Amino acid sequence: MIMRYLVFIIVVLVSMNVFAQIPSKLKHSEIIVNSKDSTIKANILLNKKKIHLHNNCIYYWYNSDKIESNVGGYYGKLLDGSYVVFDKQRNLVTQGVFDKGLKNRQWKTWYPDGNLKSIEKFKKGKKNGKAKYFSPDGKIIKMVPFKNDLKQGKMYTITPDTVMVVKFKRDQIVHPKIKKTKKVKEVEPEVNKEKKEVNENPDTKEKDKSSLKIKKKKTNQNPVIENNTNNKENPVPKKKKEKKPKTQNTNE
């Protein structure tokens, strides 16, 4: 009876040691990386499953007590889970989430005094959605829409006096199309209108015509009178007709 009891205890102890020595079942591990200006707390992925890599995405990974990043590849343990950065005064600087080495969900940054600096949204390592950027006093100074890491839509830049709007399509500025406008008739001043009305009245036109006729008559009569006077004073002598001599008949 005692022997059976001892055997049972030994089996239990051995099984506990065996299960305690299987770290491979753990999926994540927390790391702390210290530098001169900041402290990083993050989680890394431990299992060695093959991950399909995208050549146009930035992967963040951990190796030799350093966090590195590469486009389309990695060497070490991928960051996976929460990611937090503090400064030397233990103020929050950056906060976000990684998913198999790629930035995911909402990411925030702060100024040293604690005011919010930016809010960005990520999906599989790329910016997607509306990003907001703040001034040190906490006011929104810029709103930028993103789609697959490219600016897409209307970007607003806000100042105390103005709001500037720029439209983007696939990270390129869309210039507004110039529409053809109809010619607008120029508004004439009142003085010119009055002159036109005077000229267009039929009464004034008839008066002007009659006055012009009288003037023409007078101008035509003057030269005739002058010619007559000249003829009287200096009469032109008339030429006398010369009489032809009569021819005599030879028969006589």
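Taken together, the values in this text are just the output of simple stated rules run on the coordinates, not laboratory data. All values reported here derive from a predicted model rather than from experimental measurement. Here Cβ is always computed from backbone atoms with ideal geometry, including for glycine, and neighbour counts include all displayed protein chains.
Values computed for the structure shown
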item: Greater than 30 Å apart at Cα, pairs in Lys36/Lys130; Lys27/Lys121; Lys103/Lys139; Lys50/Lys123; result: Lys36/Lys130
item: Spread of Cα-to-Cα distances over 10 Å intervals beginning at zero, given as percent, for the range 25-127; result: 15, 45, 33, 7, 0
item: Under 15 Å, Cβ to Cβ, from Leu92 - net charge with Lys/Arg +1 and Asp/Glu -1; result: +2
item: Ranked packing of 75-81, 64-70, 139-145, most packed first, by mean Cβ within 10 Å; result: 75-81, 139-145, 64-70
item: Difference of contour (0.36 nm per residue) and Cα-Cα distance, Leu116 to Asn34; result: 27.2 nm
item: Local net charge near Val166, Cβ-Cβ under 13 Å (Lys/Arg +1, Asp/Glu -1); result: +4
